[in-house]
Amino acid sequence: RYCLFAISTLAMPHKAIDPIVTASSIIMNLQTLVSRTISPFESAVCSISAINGGAAFNIIPEKVTLKGTIRAFQETTLLSLKEKLNRIVTNTATSHGCSVDNIIYSPDHYPPLINDTDLYRTFSSNVGALLSKERCVRQLEYPSMASEDFSFIGQHV
């Protein structure tokens, strides 16, 4: 989540700093985060999925809040994304005359969930048959970018 703060003026947009325009620039700049900074042989995602700012059609708002997610299959890639995201958000806001109140990761970030191969085989052949209509655990065609709380446990097992 990122909060952008700016000075706003009602009838003189040329004297205002518009956090909506700034947020738009941040969203566009973040589109290069994966495509230009992560190897095409790695998988990663950066998505802005919510933007809040303003309440009237004729007033430049004081602030805008963006919310989104970053995900990757490798912990090192995820940490690299986080560092680069912070830099893009802060530098873009500064270039528009805005300030970033805070960048919050909640939780700090979801680490990738990497299942133990032997444990998976045991689970899918024994317990999986009891839990599924098909009497087996379905295989995904590709790994999933879904975030999972169990990834925190998996780091310690």
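Points worth noting:
- For V64, the residues 5 or more places off, or on other chains, whose built amide H falls under 5 Å of its own are L4.
- Approximate spin-label separation F73-S24, in nm, with each point projected 7 Å along Cα-to-Cβ: 3.6 nm
- Two-site FRET efficiency, N91 against K15, from Cβ-Cβ distance with R₀ of 25 Å, rounded to 0.05: 0.60
- Using θ = phi - 60° in the Karplus curve 6.51 cos²θ - 1.76 cosθ + 1.60, the 3J(HN,Hα) couplings for segment 31-40 round to 5, 8, 4, 7, 5, 10, 10, 10, 4, x Hz; x is entered for Gly and Pro.
- Karplus-derived HN-Hα couplings along segment 22-27 (A = 6.51, B = -1.76, C = 1.60, θ = phi - 60°), whole Hz, x at Gly and Pro: 4, 4, 4, 5, 4, 4
Every number here is computed from the coordinates shown, using simple stated rules; none is lab data. It should be emphasised that the depicted structure is a prediction, and the values quoted were computed from it without experimental measurement. Ideal geometry is used to build each Cβ from the backbone, glycine not excepted, and the neighbour counts take in all protein chains shown.
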